Amino acid sequence: MKYTCLIVDDEQLARNLLETYVTKMPMLELRGKCKNPMEAMAIMQSEQIDLLFLDIQMPELTGVEFIKTMQQKPAIIFTTAYSEYALEGYQLDVIDYLLKPFALERFIKAVNKAVDYLDLKRNITKVPEQKPDSILLHADHKIYKVDLDDILYIEGLKEYVSYYTKERRIIVLQSLKSIEDSLPRDKFIRIHRSYIVPVRKIKSLDGNQVQIGDKLIPIGRSYKDDVMKRVFKA
């Protein structure tokens, strides 16, 4: 199974090197080399792109700014000479971060990670009329497939987010807001600036706290009305 990819970099040498590397990967099909995000945008409007090799520092529109314009993102691997953007890249949920100059071996490792992600994503969404019942989390240089029903609660800690299940705690670089927007509204509710919980796992209300298992989780003042309406129908 092949995945389509696009190279976006304002340096011709970088584009040519990436093209050479891509041609060595039998699972990739190169659909274009772009000097800037505007060229890439034109291609992405006309055809499906699964994987984007994206530079960050480019004139007019940076790679980070380009990602923020996307409504539906492909898998993204940053290719850049600037290590200071690594944290922001992971906050944007990119697959990997290749620091120039990078060797073929490191490129292959990043592509394999992206292909694993795309395979899982394709399997989860292969029946489009069904709502996703799991999510993919990038943590510890791995990709975790987590069933929504296994999540006990989600806690935000500055730029990190912790997913708590019965079996484990998974810490990822994400924002709680992006998680709130991506989770099914009928299954999850934000009850505090630092907590999202599954509606059906709320056992009881105790003052300004809800109980999930043995854990008492606070309800933020600005969230209480929504909790009462959606969970307790008050």
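The values are calculated or read from the model by the stated rules, or taken from the named source; none is laboratory data. Values in this document were obtained by computation on a predicted structure and should not be read as measured data. Positions of Cβ are backbone-derived with ideal geometry, glycine not excepted, and every protein chain shown enters the neighbour counts.
Looking across S175, S194, S162, one residue alone is surrounded by 12 or more Cβ atoms within 10 Å (Cβ to Cβ) and under 20 Å from Q72 (Cα atoms). It is S175. Take the conditions (1) touching a residue at least 60 places away in the same chain (Cβ under 8 Å); (2) under 17 Å from the mean Cα position of the chain (by Cα); L28 misses just one of them, which is (2). For segment 71-93, a tally of residues being buried (at least 16 other Cβ atoms within 10 Å of the Cβ), at pLDDT below 85, in a loop (DSSP other than H, G, I, E, B) and not acidic (D, E) returns 1.
Going through segment 1-19 one residue at a time, which ones are assigned to a helix (DSSP H, G or I) and either under 18 Å from L104 (Cβ atoms) or of a type in the set (D, E, K, R) (or both)? Before you say what the answer is, go through the steps one by one.
As a first pass, look at segment 1-19 and keep what is assigned to a helix (DSSP H, G or I): 12-19.
Within segment 1-19, L13, A14, R15, N16, L17, L18, E19 qualify.
For segment 135-159, the tally of residues that are over 13 Å from the mean Cα position of the chain (by Cα), surrounded by 12 or more Cβ atoms within 10 Å (Cβ to Cβ) and more than 22 Å from V210 (Cβ to Cβ) stands at 1.
Cβ-Cβ contacts under 7 Å between residues 6 or more apart (or on different chains), taken from a first residue in segment 165-191 that is within 18 Å of I217 (Cβ to Cβ) and of a type in the set (D, E, K, R) to a second residue that is assigned to a loop (DSSP other than H, G, I, E, B) and at pLDDT 85 or above, are absent. Considering segment 20-57 alone, what residues qualify as being outside any strand (DSSP E or B) and basic (K, R)? Within segment 20-57, K24, K35 meet the criteria.
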